[in-house]
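Below is one structure, written out as C-alpha cells; comments come after it.
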Amino acid sequence: MASLGEFFNMVAMEAVIARNGSVLDANVGDETVLMSVDTGEYYALTATSRDIWNRLDTPISVRDLCQALADAYGAPVETVTADTLAFLDYLERRNMLKIGD
C-alpha cells in the first residue's frame, strides 16, 4: 500500500512557512481569490483553505499551524494535519509558499 508521502511532496512539520509575496489576494464575498503574478492563474479559496491562507500572513511552523487549526475547529490534530499537509502541498506545487527551516 502506498503511503501519503508517495503522493505528495509534503512540507516538513518543522518547516516555517508563509505566503509567497508574488501571490496577490483579495476577499470577494465568502471567498479569497488568489492570483499568481508568476503564472497569471487565479484560485478561489473558501472555508478552511481561506483560514489557512489568512494564517500564513505571518511565518508559522507547519506543526504550530496544524495545532492552531485543530484547536480552532475542535478536530483531531491527526485529521487536521493530513488535510493541511495536502493543501500546503497544493500551494507549494504552485509556488505560492515561502518555506524556511
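The values are calculated or read from the model by the stated rules, or taken from the named source; none is laboratory data. Note that the structure is a prediction, hence the values are computed from the model and not measured. Ideal geometry is used to build each Cβ from the backbone, glycine not excepted, and the neighbour counts take in all protein chains shown.
Taken together, the residues in region 29-49 that are within 13 Å of L91 (Cβ to Cβ) and among the aromatic types (F, W, Y) amount to 1.
Per-residue answers, yes or no, for (1) hydroxyl-bearing (S, T, Y); (2) outside any helix (DSSP H, G or I); (3) surrounded by fewer than 17 Cβ atoms within 10 Å (Cβ to Cβ):
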site	(1), (2), (3)
E14	no, yes, yes
L34	no, yes, no
Y43	yes, yes, no
I52	no, no, no
L69	no, no, no
F87	no, no, yes
L91	no, no, no
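Flag: T58 matches the condition of being within 15 Å of R19 (Cβ to Cβ), modelled with pLDDT of 95 or more and assigned to a loop (DSSP other than H, G, I, E, B). Criterion applied to V28, V80 was being hydrophobic (A, V, I, L, M, F, W, C), surrounded by fewer than 13 Cβ atoms within 10 Å (Cβ to Cβ) and either free of Cβ contacts under 8 Å to residues at least 24 places away in the same chain or out of contact with any Asp or Glu (no Cβ under 8 Å at 6 or more places or on another chain) (or both), and the one residue passing it is V28.
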